[in-house]
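Peer 1: Please read through the structure below; I'll follow up with questions.
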Amino acid sequence: PTTRPVMHSDAYERYCAAVAEDRMTDAYWIAIDDVIEPTDDERALFSLPVVADLAAPQLALGVREIPEANRPTDTESLKQLTIPVLLLEGARSGQHFRDAVRSLSEVLSHGRVVEITDAGHMGPVTHAQDVAQELVSFFTE
């Protein structure tokens with residue numbers, strides 16, 4: 001599978017500039033649009049004032065964390081895991097998230113991929129019942 005950075009460099013530059021200029025609403029939407037590629041349901045969720053108010057203080061942290069998140073995954077360490085790992089993905093998640101799940105499933109000997117129908121990246125919020133059902137199933141096996 002192809003890989004892509006967590007945030008494209010042009011979006012990251014715009015994001016950093018918005019944070020530096022204290023334009024947190026702009027930074028918020030740059031991050032959401034580039035990283036999450038939200039579905040219509042997720043866009044509606046992110047548009048709720050309470051969600052934006054909770055997320056805005058975290059945006060400055062992303063300036064430091066995004067370069068770290070863009071580093072390649074240490075697959076040799078992951079290959080050593082011997083415990084079962086549940087890899088949940090939303091059927092409507094951005095392709096880069098789906099590629100990441102596929103890459104992990106190829107490396108993890110005990111990885112299990114479960115797709116949540118009609119969910120995007122925010123499946124635990126928008127499809128909480130489906131995600132909870134998969135978690136209960138996984139942890140009771």
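Peer 1: Run down Val101, Val125, Val136, Val131 and say which single residue is more than 26 Å from Glu76 (Cβ to Cβ), open to solvent by less than 40 Å² (accessible area, probe 1.4 Å) and either in a helix (DSSP H, G or I) or of a type in the set (Lys, Arg) (or both). Before the answer, list the steps.
Peer 2: Details: Val101 fails: more than 26 Å from Glu76 (Cβ to Cβ); Val125 fails: open to solvent by less than 40 Å² (accessible area, probe 1.4 Å); Val136 fails: open to solvent by less than 40 Å² (accessible area, probe 1.4 Å).
Being more than 26 Å from Glu76 (Cβ to Cβ), open to solvent by less than 40 Å² (accessible area, probe 1.4 Å) and either in a helix (DSSP H, G or I) or of a type in the set (Lys, Arg) (or both) holds for just one of Val101, Val125, Val136, Val131, which is Val131.
Peer 1: Going by the conditions given, is Ser77 part of a helix (DSSP H, G or I) and surrounded by 12 or more Cβ atoms within 10 Å (Cβ to Cβ)?
Peer 2: Here the answer is no, as Ser77 does not meet what is asked.
Peer 1: Name the residue that is most open to solvent (accessible area, probe 1.4 Å), counting only residues in region 104-122 that are in a helix (DSSP H, G or I) and among the hydrophobic types (A, V, I, L, M, F, W, C).
Peer 2: The first filter runs over region 104-122 and keeps only residues in a helix (DSSP H, G or I), leaving 104-107.
Those still in the list that are among the hydrophobic types (A, V, I, L, M, F, W, C) too: 104, 107.
Values: Leu104: 56, Val107: 28 Å².
The residue in question is Leu104.
Peer 1: Just name the residue that is nearest to Ala11 (Cα to Cα) out of those in region 38-74 that are surrounded by 13 or more Cβ atoms within 10 Å (Cβ to Cβ) and modelled with pLDDT of 80 or more.
Peer 2: Pro38
The values are calculated or read from the model by the stated rules, or taken from the named source; none is laboratory data. It should be emphasised that the depicted structure is a prediction, and the values quoted were computed from it without experimental measurement. Using ideal geometry, Cβ is built from the backbone for each residue, glycine included, and neighbour counts are taken over all protein chains shown. The accessibility values were calculated without ligands, DNA or RNA, using every heavy atom of the protein model including side chains. Shrake-Rupley method; radii C 1.70, N 1.55, O 1.52, S 1.80 Å.
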